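Novice: Quick one: this structure, given as structure tokens, is what I'll be asking you about.
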Amino acid sequence: MFTTALNSHAANRRDLWFMLPVDVLHLICAGFWVGGLMLLGLALPRALGAFAPGTGDLSRLISALIPHFSFIVMISVILLSITGVTEAVVDLGVWKALWISSYGQILLIKLAIMISLVCLLAYHLLYISPRMRIYARAIDEREANNVPGSGKVHRVFIKMQKTEALLAFCLLLSVGALTSLNPAWPAALSLPNSVTYKGTISDLTYLLAINPSKPGPNTFEVILKDRTGQPVKADCTVFLREIMLDMDMGIEQIELQPVPGHNGLYTTYSEVLSMAGHWQMTLLVRRSGFADIKKNITFSMNV
């Protein structure tokens, strides 16, 4: 879990001393929960088939298994909720990032799967487990599996375990998708440490914001407006080219992505500003039917 966390988004945070242990704890709890669900959903149904019918052993096993595993799951869910919310707040920063970014949308899907699994857990505790305890306490062991409804409850339990295993697999897929995406960092203009640059290029006005404008990870945001002050509705491709003026480090270029539902707004997250010093940034805007327009911005960045 620790080596996995070292390759996660948490490892790229400046507050590594805090976020790395949080991520490790998150992974450990997920391992107990998802791993347990996989075992119960894939291995347990075959194992239950080995019980002799009419002995009551099946009822006793299920009645003992659910509370013990549920206790582990509840502890895991509590810790997952705390660590997950912490990571989401750090990665997203603002609520709207949940809706306007691919990272936030997949995070919502992951949350929906987790809520579904918790609901199934509650069903186990409130419906399946009490009935299994009644069957297990039957005076006559043979009667335990002949109590009306016991066979149906057994079948429901097995089906639900398979469903939970499938949901757990979908949860793993959503986690895999999240690890392949950059976190939906908060809009730079909404943060107090933003450094902004504005001006006019051709028939457009621009506003460029960089947060925190320090060496390392930064959020870049560009707002483009037309002559009337309205956000540009035309499809634009927006790039930023960075050149370190103090030494030859080559030219780095990053593409800003349009924010769905927000005309003229483009954003990205990058570590292209890797060191303190003097930089030149070129804002490049490409539009269909128009010539490319460029604007050079020179600035200094301190540690």
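Novice: Name the single residue, out of those in segment 195-212 being touching a Ser or Thr at 6+ places or on another chain (Cβ under 8 Å) and surrounded by fewer than 19 Cβ atoms within 10 Å (Cβ to Cβ), that is modelled with the lowest pLDDT.
Specialist: Quick first cut of segment 195-212, residues touching a Ser or Thr at 6+ places or on another chain (Cβ under 8 Å) only: 195, 198-199, 206-212.
Next cut, surrounded by fewer than 19 Cβ atoms within 10 Å (Cβ to Cβ) only: 195, 198-199, 207, 212.
Working: Val195: 86, Lys198: 90, Gly199: 91, Leu207: 90, Pro212: 82.
Out of the qualifying residues, it is Pro212.
Novice: Let me ask something else. List the number of the failed condition for Phe290; all other conditions in (1) in a loop (DSSP other than H, G, I, E, B); (2) hydrophobic (A, V, I, L, M, F, W, C); (3) open to solvent by less than 90 Å² (accessible area, probe 1.4 Å); (4) under 12 Å from Leu204 (Cβ atoms) hold.
Specialist: It fails just one condition, (3).
Novice: Another one. Can you tell me which residue in segment 230-255 is surrounded by the most Cβ atoms within 10 Å (Cβ to Cβ), limited to those that are under 18 Å from Gly216 (Cβ atoms) and of a type in the set (D, E, K, R)?
Specialist: Ranking the candidates gives Glu242 first.
Novice: Given Val259, Val285, which one is more than 17 Å from Pro212 (Cα to Cα), under 26 Å from the mean Cα position of the chain (by Cα) and in contact (Cβ under 8 Å) with a residue 40 or more places away in the chain?
Specialist: That would be Val259, the only listed residue that is more than 17 Å from Pro212 (Cα to Cα), under 26 Å from the mean Cα position of the chain (by Cα) and in contact (Cβ under 8 Å) with a residue 40 or more places away in the chain.
Novice: Which residue out of Leu44, Leu37 is touching a residue at least 60 places away in the same chain (Cβ under 8 Å), under 22 Å from Cys170 (Cβ atoms), buried (at least 16 other Cβ atoms within 10 Å of the Cβ) and within 21 Å of the chain's Cα centre (by Cα)? Let's see the steps before the verdict.
Specialist: Details: Leu44 fails: within 21 Å of the chain's Cα centre (by Cα).
None of the other options fit; the residue is Leu37.
Novice: In segment 176-188, which residues are open to solvent by 10 Å² or more (accessible area, probe 1.4 Å), assigned to a helix (DSSP H, G or I) and either closer than 20 Å to Cys119 by Cα or modelled with pLDDT under 70 (or both)?
Specialist: Result: no residue meets the conditions.
Novice: A follow-up question, please. Can you list the helices (runs of 4 or more DSSP H) found entirely within segment 8-96 that contain at least 2 residues being at pLDDT 80 or above? Before the answer, list the steps.
Specialist: Working: elements: 16-42, 44-48, 57-92.
Correct list: 16-42, 57-92.
Novice: Restrict the check to segment 218-229 and report whether at least one residue is of a type in the set (Ser, Thr, Tyr), open to solvent by 50 Å² or more (accessible area, probe 1.4 Å) and either modelled with pLDDT under 90 or part of a loop (DSSP other than H, G, I, E, B) (or both).
Specialist: Pass one, segment 218-229, residues of a type in the set (Ser, Thr, Tyr): 219, 228.
Filter once more, keeping what is open to solvent by 50 Å² or more (accessible area, probe 1.4 Å): 228.
Filter again for either modelled with pLDDT under 90 or part of a loop (DSSP other than H, G, I, E, B) (or both), leaving 228.
Yes, segment 218-229 contains at least one residue that is of a type in the set (Ser, Thr, Tyr), open to solvent by 50 Å² or more (accessible area, probe 1.4 Å) and either modelled with pLDDT under 90 or part of a loop (DSSP other than H, G, I, E, B) (or both).
Novice: Further question on the same structure: Can you say whether Leu283 is open to solvent by less than 80 Å² (accessible area, probe 1.4 Å) and out of contact with any Pro (no Cβ under 9 Å at 6 or more places or on another chain), as far as the supplied structure shows? So that I can check it myself, show each step before the final result.
Specialist: On the way: open to solvent by less than 80 Å² (accessible area, probe 1.4 Å): yes; out of contact with any Pro (no Cβ under 9 Å at 6 or more places or on another chain): yes.
Against the criterion (open to solvent by less than 80 Å² (accessible area, probe 1.4 Å) and out of contact with any Pro (no Cβ under 9 Å at 6 or more places or on another chain)), Leu283 qualifies.
Novice: Report the residue count in segment 256-280 for those that are small (Gly, Ala, Ser), outside any strand (DSSP E or B) and either more than 21 Å from Asn218 (Cβ to Cβ) or open to solvent by less than 60 Å² (accessible area, probe 1.4 Å) (or both).
Specialist: Let us first name the residues in segment 256-280 that are small (Gly, Ala, Ser), namely 261, 264, 270, 274, 276-277.
With the extra rule that they be outside any strand (DSSP E or B), the set shrinks to 261, 264, 274, 276.
So of that shortlist, the ones also either more than 21 Å from Asn218 (Cβ to Cβ) or open to solvent by less than 60 Å² (accessible area, probe 1.4 Å) (or both) come out as 261, 264, 276.
Adding up the residues that qualify gives 3.
The values are calculated or read from the model by the stated rules, or taken from the named source; none is laboratory data. Since this is a predicted model, take the numbers as computed values, not measurements. Ideal geometry is used to build each Cβ from the backbone, glycine not excepted, and the neighbour counts take in all protein chains shown. Protein only, heavy atoms only, side chains kept; ligands, DNA and RNA dropped before computing areas. Shrake-Rupley method; radii C 1.70, N 1.55, O 1.52, S 1.80 Å.
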